[in-house]
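The values are calculated or read from the model by the stated rules, or taken from the named source; none is laboratory data. Given the structure is predicted, the values throughout are model-derived calculations rather than measurements. Using ideal geometry, Cβ is built from the backbone for each residue, glycine included, and neighbour counts are taken over all protein chains shown.
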Amino acid sequence: MRDEQSPTTSRIGRRSGVGRIRRPEVFAPPAPTETPQPPPERLMSTTDVREPVVITHEQVVDGADAELLWEAYHANFEPLAELAILQHLYTRDEVLAELANPRILKIVGRQGGRPVGMGMVTNCLDDVPQISPAFLRAKYPDHAQRDAIYFGILVMVSPEHRGRTLFSRLYTEMWQVPARAGGVLAFDICDFNRMAFDTDSLTRRIADQFPEATVDVIDRQTWYVAELPKPIPDTATRR
């Protein structure tokens with residue numbers, strides 16, 4: 001996969017709704033059978049003068065690391081304010097709250113200990129109030145009984161790491177989380193990223209790495225706009 005064709009941001013739209021029931025108290029991903037490793041072609045070259053990027057799984061990110069991720073998040077998602085009709089840019093407090101929420105798993109790319117990219121995923125669907133957990137539970141009842149329905153909240157890469165393999169590594173490792181549980185992963189991509197980066201093909205290429213995996217569109221929202229420069233004349237016959 002050519003990284004220059006991969007988006008550097010992907011995030012679900014703006015949250016809506018409050019007061020939902022939350023469960024469980026702490027994210028509990030299935031234990032991997034081996035130490036997670038990216039596919040060989042995703043590894044950074046040993047001749048690279050920079051330190052390699054290490055992928056970690058973390059329940060809570062706070063302090064200086066959280067501030068660095070907030071800055072990277074803002075740099076990545078602020079442009080979508082003019083590119084997507086659904087609000088994607090959360091406030092600093094909202095993002096820091098997600099980073100501090102142990103029910104949301106953070107898949108963090110670190111270079112020399114410094115966070116340079118991140119994905120967030122959870123099987124606590126009630127912590128993602130802008131989706132309908134009931135829809136996903138009705139669609140996948142067997143997975144729901146096992147808490148094996150996961151939602152990918154975002155993937156982002158710091159601006160200085162754009163055009164490299166980190167985005168693909170984070171996305172692949174995010175998919176590994178539900179795969180280890182025999183689960184399903186739901187996520188959304190705005191139409192700008194979908195068209196600009198051909199994310200239909202991108203998701204199929206990622207799915208091809210997983211045995212017996214399939215990927216499909218589960219739902220779609222289309223936004224319309226009508227330009228109405230003049231009203232219907234009051235004397236006109238209404239039909």
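Looking across region 205-224, the residues that are within 21 Å of M174 (Cα to Cα) and either at pLDDT below 85 or in a helix (DSSP H, G or I) (or both) come down to R205, I206, A207. Restricting Y171, Y150 to those that are surrounded by 11 or more Cβ atoms within 10 Å (Cβ to Cβ), at negative phi, in a helix (DSSP H, G or I) and out of contact with any His (no Cβ under 6 Å at 6 or more places or on another chain) reduces the list to Y171.
Only one of the listed residues (P129, P141) is out of contact with any Asp or Glu (no Cβ under 6 Å at 6 or more places or on another chain), modelled with pLDDT of 95 or more and over 17 Å from I206 (Cβ atoms). That residue is P141. Listed conditions (1) in contact (Cβ under 8 Å) with a residue 60 or more places away in the chain; (2) in a loop (DSSP other than H, G, I, E, B); (3) over 27 Å from A134 (Cβ atoms) are all met by L202, apart from (2).
Scanning region 90-115 for residues that are within 19 Å of W175 (Cα to Cα), in a strand (DSSP E or B) and not charged (D, E, K, R) returns L105, I107, V108, G109. Just one of (1) at pLDDT 50 or above; (2) of a type in the set (S, T, N, Q); (3) not in a helix (DSSP H, G or I) fails for T47. It is (1). Condition first: modelled with pLDDT of 50 or more and among the aliphatic types (A, V, I, L, M). Can you find one or more residues in region 9-19 that meet it? Within region 9-19, one or more residues are modelled with pLDDT of 50 or more and among the aliphatic types (A, V, I, L, M).
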